[in-house]
Structure formats: structure tokens, C-alpha cells
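The values are calculated or read from the model by the stated rules, or taken from the named source; none is laboratory data. The model shown is predicted, which means the values in this text are computed figures rather than measured ones. With ideal geometry, Cβ positions are generated from the backbone for all residues, glycine too; neighbour counts draw on all protein chains shown.
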Amino acid sequence: MIEWLGSHGVDEVILACGFLPDQLEKVLGRGTADGPTLHYVVEPEPLGTAGAIKFAEEHLDDRFFALNGDVLTDLDLTALWNSHLERGATASLGLYPVEDPTGYGLVEMDENGVVLDFLEKPDPAHAGAGLINAGTYVLERSVLTDVPAGREVSIEREVFPHLIDHGLHGLRLDGYWMDIGTPERYLEASWDIVEGRVRTEVETNTEGMHFGVDCEITTGARIGPRAVIGNRCKVGTGAHISDSVLISDCEIGENAVVTDSILSPGVRIAAGVQVGNRVLGKNEVVNA
């Protein structure tokens, strides 16, 4: 997401953090020389999607992007920003077309992009293709005026409905978009990255695989179809890794099999063990 923002001219990013903020900052730091500068604000308790923005208010410009942090996307932020300015909007929602909106809800707007209504998670019997809220917004700072501080507030349920008829606009954005909030979607998003279906700086190939640095893949090991082998991972003779992500520093023993799984840093799989449809935590060990 930071790379995506930087590609659209954003030079400062504020991360509203609640869960494990120290680890997030340890990994991301203060940004890179050629990317946005990163700042962190740590919520004392979960404040919701609007409460988090309110909590960061002192760091915000008069106009800013607000984005959900659990999506992978290459939607055109510049188009959303320009549309917001041209319409003189109070808030602009990036909208994404989906065939099945039952897990997200629909946004209805007129031919001029004025938002008319929200339909939360429609019944599957009545659902059809439509536009969903992509968790991508341009907001005027004035939107926060009536947001109470110090409590959980939902921007989707408590703020946007009150902005209907008060400058709330939407813009359909085509491209790639995925909510990666489940292990299944995390894996699907990983394959979309390595197979080039979403624009990122990650090297891609047609075989659906990505290898980090300093990996040790023993002769006789089988990798793929589809796999991400992170930095410093070791895969033993006869082992088979498929449809899985090994984040870093993992060790896979001889003749072990890993399928449809996510291995956190430092996971150890003993020789001959079969692991399928698992999410393994940091430094977890799986023995025979």
C-alpha cells in the first residue's frame, strides 16, 4: 500500500495502529529514501474506521486520502483525487465493481456520481453485480468535525450515511482490488502478485513462484505449482512445497510436504511431515 500511495505522489503516510504497533514500525521503519515518510499513531483501544482517523486528526492536511489497510489494489488514486476536486466534494468514495457484493454491501449513485444510498450486505437471493465501497476515500478535514473523539466510530455506518445530500460522491475505479483479510484471500493475493495480475514492484513470472535471497533449495526438492519462498528459507531433499507462502527463515525437512499453507518466519517442519491448509505462527515447530 505504501508503494501504491507513493506511485500517486503521496509523500507522507500516517499509520493508525492498534495491534502490535511496535512490530509494524520495526518492519516498515520511517519509510525509504525514494518513498513516503511514515508516521505512526497508536490507539489506546480500537476506535473504528472513523475514530482512528479522528485520533490522527492533528497530523492531517485539509484534504487527504483515507484507506483501509487490509487490501491489495492498484486502483487509480489520482483519478479519485482529481474527481474529488472537480466536483467540489466533501467526501469521495472509490467504488469497485463486483459480481457478488453479499460480503461487502452496495453503493448506489446517480449519473453524476452523487451517492444516493447504501445497501449493507444484501441477501444472496437478491444480490447482483454492483459497486462496493473499496475502502478508498478522499476526505475534507471538515468531515471530522462531528466525529466524537475517544470512542469507536464507524465511517461506513455513522459518518457516510449522514453525508448523503451533503457532498458525498463516488467514482467507479477499475483495476485490481482484493480484501486480504482471510488466509485464503492472502494466498490468492500472493498468486496474483507473482503472476502479474496486480501492478506491484515485485518481480513476477508466469510460473507463479517467487524466491527471496539466500535460499537453500536442495537438489531433489520440488517447488510449485505456485509458491513464495522467502529470504533464507531451506528446503530439504525430496520435500514438496506447493500453493504455499514461506515468509522467511523457514526450514522444511527431507521429504516433507507443505500445501495450501502460510508459514510465518522461523517455522520448522520435520522430515516426512505433511502440512496442509495451515497457518503456522512465528517459530512454530511441527514434528512427525
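What to note about this one:
- Note on the range 239-263: residues that are surrounded by 18 or more Cβ atoms within 10 Å (Cβ to Cβ) and part of a loop (DSSP other than H, G, I, E, B) amount to 7.
- Selected residue [under 21 Å from G69 (Cα atoms) and outside any strand (DSSP E or B)] from D174, D165: D174
- Selection from the range 5-26 of residues that are loosely packed, with under 15 Cβ neighbours inside 10 Å and polar (S, T, N, Q): Q23
- Scope the range 189-223; condition in contact with a strand residue (DSSP E or B) (Cβ under 8 Å, 6 or more places away or on another chain), charged (D, E, K, R) and surrounded by fewer than 16 Cβ atoms within 10 Å (Cβ to Cβ); matching residues: E203, D214, E216, R222
- Of the residues making up the range 210-226, those that are over 16 Å from V257 (Cα atoms) and not aliphatic (A, V, I, L, M) are H210, F211, G212, D214, C215, E216.
- Screening D110, D117, D100 for residues that are closer than 30 Å to D260 by Cα and surrounded by fewer than 18 Cβ atoms within 10 Å (Cβ to Cβ) leaves exactly one candidate, D100.
- Test: residue in the range 1-19 that is within 23 Å of R141 (Cα to Cα), at pLDDT 95 or above and in contact with a Lys or Arg (Cβ under 8 Å, 6 or more places away or on another chain): no
- A Cβ distance below 9 Å, combined with a sequence gap of six or more or placement on separate chains, defines the contacts here; from the range 56-69, residues that are free of Cβ contacts under 8 Å to residues at least 12 places away in the same chain and closer than 27 Å to I180 by Cα reach no residue that is among the small types (G, A, S) and not in a helix (DSSP H, G or I).
- Any hit, the range 55-74, residues being crowded, with 16+ Cβ neighbours inside 10 Å, assigned by TED's automatic domain parsing to the domain that holds Y137, farther than 26 Å from G170 by Cβ and charged (D, E, K, R): no
- Within the range 34-43, one or more residues are under 19 Å from G135 (Cβ atoms) and aliphatic (A, V, I, L, M).
- Here P46 meets each of (1) within 27 Å of V107 (Cα to Cα); (2) at pLDDT below 95; (3) surrounded by 13 or more Cβ atoms within 10 Å (Cβ to Cβ) with one exception, condition (3).
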